[in-house]
Amino acid sequence: GDCEMKIKQISVFLENRKGRLWKALNVLSNAGVNIRALSIADTSEFGILRMIVPEPELAEEKLVENNFVVKVNDVIAVEVSDEPGGLDAVLGLLNNADVNVEYLYAFVEKKTNKAIVVIRTEDLNASIRVLEDGGVTILSTEEVNKL
């Protein structure tokens, strides 16, 4: 079903203050949380650190204990062939189905010969159907944690 295909993403809101990003990452490091993928988006007021980690509950708990504002939401992780046009093909499927991609970012490490990309769209269930119909491999949480 659709829900096994969704993975948890942690979003941490960072005031634009010196050392705030380091502090967030330090909290996770001290808790033994391994960051598998991350993205940082900046606005003038604050930054958003988005991450995929094997233990989202632990990460959320430790960050909140350290006074960070944290949100957990669902994203999908897809395999993209590691060649020119690989990502273009995946985004084309979503575009043709009128699914709006809010953001995406890549995995830090990969043990496969595919690139792995995290995608957040306005309608994840529709995205999963469209991508699966298009032959795109979507990874479960278990598969992501094994990468």
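The values are calculated or read from the model by the stated rules, or taken from the named source; none is laboratory data. All values derive from a computational prediction rather than experimental measurement. Because the Cβ atoms are built from the backbone with ideal geometry, glycine has one as well, and the counts that use them run over all protein chains shown. Quick note on the areas: whole protein, heavy atoms, side chains included, nothing else; ligands and nucleic acids left out. Shrake-Rupley method; radii C 1.70, N 1.55, O 1.52, S 1.80 Å.
Worth pointing out:
- Enumeration of residues in the stretch 64-80 that are open to solvent by less than 60 Å² (accessible area, probe 1.4 Å) and either under 17 Å from L124 (Cα atoms) or in contact with a strand residue (DSSP E or B) (Cβ under 6 Å, 6 or more places away or on another chain) (or both): F68, V70, V72, N73, D74, V75, I76, A77, V78, E79, V80
- The residue pairs whose first member lies in the stretch 17-38 and is within 15 Å of N145 (Cβ to Cβ), whose second member is of a type in the set (S, T, Y) and assigned to a strand (DSSP E or B), and whose beta carbons are closer than 8 Å, counting only pairs six or more residues apart or on different chains, are A37/Y105.
- Which listed residue is open to solvent by 40 Å² or more (accessible area, probe 1.4 Å) and within 22 Å of L124 (Cβ to Cβ), from E15, E45, E61, E55: E55
- The residue that is most open to solvent (accessible area, probe 1.4 Å), counting only those in the stretch 18-31 that are out of contact with any strand residue (DSSP E or B) (no Cβ under 7 Å at 6 or more places or on another chain), over 15 Å from V72 (Cβ atoms) and not in a loop (DSSP other than H, G, I, E, B), is W22.
- So L93, is it at pLDDT 95 or above and either open to solvent by less than 40 Å² (accessible area, probe 1.4 Å) or small (G, A, S) (or both): no
- Qualifying residue in the stretch 68-85 (condition: farther than 30 Å from T137 by Cβ and modelled with pLDDT under 95): no
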